[in-house]
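Q: Before we start, here is the structure in question, set down as structure tokens.
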Amino acid sequence: MSIFDGLIQIGENGEVFYNQWIEWDHFLIPNKPEWLREILRNIMAIFGHCMKCSALDGCYLVTRNMPEQPLHENCDCRKINIAYTKVKSKAKAECDIRKFTEYVFKNIKDSKGKNKIFYDLGYDINDSQYLQNEFCKQALNQYLLGNYVLKNLDRRGQRLAIPTNLNGTVFYSGWMLCPEGEIRNTTPFGGWIK
Ligand SMILES: [Zn+2]
């Protein structure tokens, strides 16, 4: 296993991706468990350490598509080159089925019009399980190609927009980047791709 594994990757439509993966590192912040990580992030914040930086700690990103380092003055983050095989073995996508059952397909008012988009694409609440699986599968594939868009970064973490294709219609879904290659769905529909 070398850090050069998977440096060049080919997407579904033959696109070539040049991906050097790194793990964002801020000292003293453990990747896991989540409760300990949160405690240490908050303690470090008392000593003036940036919560945006500590939220990125442990996250896997491709060098061509990552927040710039240093993130701010006196930033003590660094990046560690890691092999794609490691990213691939650890990465996982999670999407709570309630994103569909309790949000998208809930009712017109609560879904902010998002249910119409999904109804128009031919889905209803009975497809929630299918959509959950499909969203995770597609987002994981795209993330592993480095094919994500960096969105808002705040003290809770780095949001990603990831292309999602349903019946040939492509749009962005919204995800939170978590340590060790985990991505968690924040919103099933994050906007049309322009
Ligand atoms: Zn930093």
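Q: For the range 90-192, build the charge dipole from Cβ charges (+1 Lys, Arg; -1 Asp, Glu) around the Cα centre, then report which of Asn165, Tyr130, Cys95 sits farthest towards its positive end.
A: Of the options given, the answer is Cys95.
Q: Further, regarding this structure: Taking the chain as a Gaussian network, where each spring joins two C-alpha atoms under 10 Å apart, which residue of His72, His26, His49 fluctuates the most?
A: Most flexible of the set in this elastic network: His72.
Q: Can you tell which of Gln69, Tyr18, Pro33 lies farthest toward the positive end of the dipole of the range 8-89, using +1 and -1 charges on the Cβ of basic and acidic side chains (Lys, Arg; Asp, Glu)?
A: Farthest towards the positive end: Pro33.
Q: Still on this structure: Step through the residues of the range 147-156 one at a time and calculate ³J(HN,Hα) from phi using the Karplus curve (6.51 cos²θ - 1.76 cosθ + 1.60, θ = phi - 60°), rounding each to whole Hz and writing x for Gly and Pro.
A: 8, 9, 10, 6, 10, 4, 10, 9, 4, 7
Q: Moving to a separate point now. To the nearest 20 debye, what is the magnitude of the charge dipole of the chain about its Cα centre, counting +1 on the Cβ of each Lys and Arg and -1 on the Cβ of each Asp and Glu?
A: Magnitude of the dipole: close to 320 debye.
Q: Straight-line reach from Lys32: which lysines fall under 29 Å, measuring Cα to Cα and dropping same-chain residues less than 8 apart?
A: Qualifying lysines at Cα under 29 Å: Lys52, Lys79, Lys86, Lys88, Lys90, Lys92, Lys99, Lys137, Lys151.
Q: Along the range 25-31, what does the Karplus equation 6.51 cos²θ - 1.76 cosθ + 1.60 (θ = phi - 60°) give for ³J(HN,Hα), rounded to whole Hz, x for Gly and Pro?
A: 10, 10, 4, 6, 9, x, 6
Q: Quote the relative contact order of the chain in percent (integer), defining contacts as alpha-carbon pairs under 8 Å separated by 6+ residues.
A: 23 percent
Q: Mind listing the long-range amide H neighbours of Cys95? Cut-off is under 5 Å, sequence gap 5 or more, other chains count too, H placed in the peptide plane at 1.01 Å from N.
A: Amide H neighbours of Cys95, under 5 Å, 5+ apart: Asn185.
Q: Residue by residue through the range 44-49, which ³J(HN,Hα) values in whole Hz follow from phi under the Karplus form 6.51 cos²θ - 1.76 cosθ + 1.60 (θ = phi - 60°), with glycine and proline marked x?
A: My calculation for the range 44-49 gives 4, 5, 4, 8, x, 7 Hz in order.
Q: Provide the packing ranking of 180-188, 126-134, i.e. peptides ordered by the mean count of other C-beta atoms within 10 Å per residue, highest first.
A: 180-188, 126-134
Q: How far is helix 128-144 tilted, in degrees, relative to the longest principal axis of the Cα atoms in the chain, given as a value from 0 to 90 rounded to the nearest 10?
A: The answer is roughly 40 degrees.
The numbers here are math on the coordinates, done by the rules we state, and not lab data. Since the structure is predicted, the reported quantities are computational estimates derived from the model, not experimental observations. Glycine also receives a Cβ, built like all others from the backbone with ideal geometry; neighbour counts cover every protein chain displayed.
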